[in-house]
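Report on the following structure.
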Amino acid sequence: MALVIYNTMTKRKEPFEPLEKGKVSVYVCGVTAYDKSHLGHARSAINFDVIVRYLRSKGYDVRHITNFTDVDDKLIARAHELDVDPMDLSRQMIDEYFSVMDGLKIRRATAYPKASETISDIIEMVKGLMDKGLAYESGGSVYFIVRKVKDYGKLSGQSLDQMVTGTRKEPGEDKRDPMDFALWKAAKPGEVSWDSPWGKGRPGWHIECSAMCLKHLGKTIDIHGGGTDLIFPHHENEILQSEAHNEAPFVRYWMHNGMLTMGEEKMSKSMKNFFLVDEVLRRYSPEVVRFFILNASYRQPLDYGEGSLDEAGRALEKLQETYTTLLSEEVSADGTQGMEEACNDAWARLTEAMDDDFSTREAIAVMFELSRKANRGLAEGSLNRAGVGSIISVFRRFNDLFDVLREEKRRVVAAPEDTRPTDTAAPDDTLTIDASRMSDDGYVTDLVRKREIARRRREFDCADKIRELLAEHGIEIQDTPEGAVWKRR
RNA sequence: GCCGGGGUGACAGAGAGGCCAUGUGGCGGACUGCAGAUCCGCAGACAGGAGUUCAAAUCUCCUUCCCGGCCCCA
């Protein structure tokens, strides 16, 4: 079974064949480090996290690079506003980025190069383009001559002549053609800058990605990813620079994730309609956030509305419930059913879905179906130990990719044999709970056992009171034929 | 204006020629002291119009509405 990837360049799904057998180079555009990350950034990170995990699970040796733009107009402006050094601001935001991405269980990329640390490579690249006659210096800035390359617009489908009307010329710039874009920008007084053959300045936006790809991954990379909002002009211009400079195809597969929207509008800083990741993580678990994102196709826009994460949480809870039950039953199952076939089938369908352009949604649907089969078997008591084991194994392999489930067992409190009236159960009017001991599992188990006894004696007021009090402390009790079961929410 | 992507049941969101999505929610049933969880069952859909086909939510054409990109952006 072969992996196919939707390539933005050809607008088709294509069989995936890396340049070098067994190895995959992946470059994903990162963030401009001038502010905290919002959920849109999280979406991109989560999508590519799973994509890389899947590629690795297929045995590929993946080299994954994600950059930080730490030199840019907005960053300088923000630093000025806050009256801090731009480099300090970006360092702080990069720390914040790692903190929330770790919080979302994103696996770290192979490297995170920064624009500020790639200056010499960028200068080399700009020089190379000038030597080829594809760029010129003007007023301390260097511009790329767009009209000298022929396949402009091959990624975005934009045509040069249509564009001209829409392009503005910033004051102070001295471009020969309004379509030309900056490779190197002359420093304005007081700005962060580096020495270059053209005087003090800093890199243009697009060139850093081209330089980093070349430096860390080579002339031709397998996968280049980013949001759909980067297709034009960012990625288009990267192609121009890199292919002109390297004289080699730049990217084999362009992958673009859809925007996260709110009320159908793109979530963005400029629209001030965004949710910061750290705020969201205060209210929802990383698993729920991941599930919400992965429960949609990465290419389509996804709407974030009030209640989206709650709904994702309820759905995920179902899978978690099954998984937890399976883990709890792992050693005690005593039926006869093996589930071998159902598990093989589920895994086959799951990988088939993932092979089809990383259809995480489909994969999740498969898990829900397996979950139902598992619950049925569990309810009937028909599963044997191997059966439970093989379902767990599918869940585990799924989770290695998605990372949305927690490995937790349920604590079962078996029904005490002796339910004759004793003083073990306190009368409901005097029952109190020592809140300070609620983190003590033994104490909780003790209370649950007291409730079990009360239930056996049909003292339901007392039993319900205990259930209620525990619930106030986030402890949930479920009665099962094997006894009461409890967990922390 | 130009270039993309879309309009699917109450909602969220898959699918891309014939079959079931999946989840939330709703209804009915089983289980239960109650609750929860779970299981079984039911209802409900492919923007509109034409065409291709034995067969279209899926392909083609037209209409219409929405979103994104064209300064920065995951």
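At a glance:
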{"item": "Cα-based helix-to-principal-axis angle, A:385-402 vs chain A, degrees rounded to 10", "result": "30 degrees"}
{"item": "Efficiency of FRET from Cβ geometry, A:Glu407 and A:Asp61, R₀ 45 Å, rounded to 0.05", "result": "0.95"}
{"item": "Within the stretch A:316-333, backbone nitrogen closer than 16 Å to the virtual label 7 Å beyond the Cα of A:Asp441 toward Cβ", "result": "A:324-325, A:327-331"}
{"item": "Qualifying lysines (Cα of each under 23 Å from Cα of A:Lys409; at least 8 residues distant if same chain)", "result": "A:Lys105, A:Lys318, A:Lys373, A:Lys450, A:Lys487"}
{"item": "Once the Cα gyration tensor of the stretch A:280-402 is diagonalised, semi-axes √(5λ) in Å", "result": "28, 17, 10"}
{"item": "Bins of 10 Å, starting at 0 and running to the largest distance - Cα pair percent for chain A", "result": "4, 16, 23, 21, 14, 10, 7, 4, 1, 0"}
{"item": "Value of D in µm² per second that Stokes-Einstein yields for the stretch A:436-489, Kirkwood Rh from Cα pairs, at 10 °C (1.306 mPa s)", "result": "144 µm²/s"}
{"item": "Chain A: angle of helix A:308-329 to the longest principal axis, Cα-based, in degrees nearest 10", "result": "50 degrees"}
{"item": "Neighbour net charge for A:Arg202 - beta-carbon separation under 12 angstrom, K R +1, D E -1", "result": "-3"}
{"item": "The stretch A:4-257: translational diffusion in µm²/s, Stokes-Einstein, Kirkwood Rh over Cα pairs, 4 °C, 1.567 mPa s", "result": "68 µm²/s"}
{"item": "Accessible area (Å², per residue) of the stretch A:217-269, counting only protein heavy atoms and a probe of 1.4 Å", "result": "30 Å²"}
{"item": "The stretch A:102-257, accessible surface, carbon-and-sulfur percent (1.4 angstrom probe)", "result": "48 percent"}
{"item": "Part-to-part distance (alpha-carbon centres) for the stretch A:141-158 and the stretch A:366-411, which is given in Å", "result": "52 Å"}
{"item": "Ordering of A:368-374, A:338-344 by burial proxy (mean other Cβ atoms within 10 Å per residue, highest first)", "result": "A:368-374, A:338-344"}
{"item": "Extension gain from A:Thr432 to A:Glu468, taking 0.36 nm per residue of separation minus the Cα-Cα distance", "result": "11.8 nm"}
{"item": "Amide hydrogen neighbours beyond the local backbone of A:Met259, cut-off 5 Å, H modeled", "result": "A:Thr228, A:Leu302"}
{"item": "Estimated FRET transfer efficiency (A:Gln92, A:Asn344; beta-carbon r; R0 51 Å; 0.05)", "result": "0.55"}
{"item": "Stretchable slack from A:Gln478 to A:Ser268, in nm (0.36 nm times residue separation minus alpha-carbon distance)", "result": "71.3 nm"}
{"item": "Degrees, to the nearest 10: A:205-216 long Cα axis against longest axis of chain A", "result": "70 degrees"}
{"item": "Reachable lysines, given that their alpha-carbon falls under 23 Å from the alpha-carbon of A:Lys132 and they are not under 8 places away in the same chain", "result": "A:Lys148, A:Lys150, A:Lys154, A:Lys175, A:Lys185, A:Lys200, A:Lys215, A:Lys219"}
{"item": "Relative contact order [Cα under 8 Å, 6+ residues apart], chain A, whole percent", "result": "15 percent"}
{"item": "Pairwise FRET efficiency - A:Glu369 versus A:Lys74, Cβ, R0 = 56 Å, nearest 0.05", "result": "0.75"}
{"item": "Cut-off 12 Å between beta-carbons: net charge of the residues surrounding A:Gly387, Lys and Arg +1, Asp and Glu -1", "result": "-3"}
{"item": "Estimated distance in nm for a label pair at A:Arg361 and A:Phe232, the labels positioned 7 Å out from Cα along Cα-to-Cβ", "result": "2.6 nm"}
{"item": "Set of lysines with alpha-carbon distance to A:Lys272 below 16 Å, sequence-local pairs under 8 removed", "result": "A:Lys36, A:Lys74"}
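The values are calculated or read from the model by the stated rules, or taken from the named source; none is laboratory data. This one's a predicted model, so the numbers in the text were calculated from it and none came from an experiment. A quick note on method: Cβ atoms are made from the backbone with ideal geometry, for glycine too, and the neighbour counts reach across all protein chains shown. Surface areas here come from the heavy atoms of the whole protein model, side chains and all, with no ligands, DNA or RNA. Shrake-Rupley method; radii C 1.70, N 1.55, O 1.52, S 1.80 Å.
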